[in-house]
Amino acid sequence: MKVRLPLFLVLICGIIGALPFLIPHGIVQSFDNEFRNSVLRIIGAFSLVLGLGSIIRHHMDKIKRKREHWEYSYILLITLLFTAIIGLFGGVEGTGRLPTHIGNFHFDIQTIYMYMAIPLAATMFAMLAFFMASAAYRAFRARNFEATLLLIAAFIMMLGSVPLSSYIFPKLPGFAEWILTVPNTAAKRGMGFGIALGTLATSLKIILGIERGWLGGTK
């Protein structure tokens, strides 16, 4: 029963998910929209509980065992509690149960997103540029013919993206754009076809019960 019920549910859900692509009837499409919205809500609710429980347990265990950088786990848990309280009880212009503001700070998730999340993300992306440059220096080495082509294409793309290059080589930005739209697009489409075929094959194996690895090793 532990194996048959999940396999049966996956088979039914797979068939229901495939029918709207095969039967373009209004009733089938409406049922698919309602079914998809309901399933997404259920999955989202379970994912929220599972994700919160997992991250809290992980960082509590990290603090208890005093693993590397365990001090930052306190910051994460305090921030998680702080944002949860604001998200659940805060509001703007009297819509929440907490005071609407303290000074210029509003109890609103959008305020946290604008003044904390966006600056932190910008800082991370700024640091990422240096890591990418370091990784590119190590990766783009002309060890063989393919690596040489990659090195030349990367050099042309980076040079063509600089506004000054249009004054030095007027045709370089257009050539860089051609590399991006023609060879790069062809490679992306080939990869897309491969990914689509692999996804289709794996989905059929899961729906038909051939692939059972998602059951956690149950045979």
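Just so it is clear, none of the values below were taken in a lab; they were calculated from the coordinates. Not measured: the values here are computed from a predicted model. Reconstructed Cβ throughout: ideal geometry from the backbone, glycine too, with neighbour counts over all protein chains shown.
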Shape parameters for the chain, alpha-carbon atoms, Rg then Dmax in Å: 25.8, 71
Kyte-Doolittle mean at least 1.6 and Cα extent at least 18 Å along the axis: which DSSP H helices of the chain qualify? 4-22, 71-89, 145-160
Which of Ser30, Ile16, Pro163, positive extreme of dipole for the chain (C-beta unit charges): Ile16
Using every pair of alpha-carbon atoms in segment 1-68, split the distances into 10 Å bins beginning at 0 and state the percent of pairs per bin, rounded to integers. 17, 27, 26, 17, 10, 4
From DSSP H assignment alone, runs of 4+ in the chain each adding -39500 (n - 2.57), the sum over residues rounded to the nearest 500 puts [θ] at 222 nm at -24500 deg cm²/dmol
Within a Cβ distance under 9 Å of Trp70, other residues only, what is the Lys/Arg minus Asp/Glu net charge? +3
The long-range amide H neighbours of Glu211, using H built 1.01 Å from N in the peptide plane and a cut-off of under 5 Å, are Ile206
Total charge dipole magnitude, the chain, about the Cα centre, Cβ charges on Lys, Arg, Asp, Glu only, Debye to nearest 20: 940 debye
Charge dipole (the chain, unit charges on Cβ, about Cα centre) - positive-most of Met124, Ser134, Trp178: Ser134
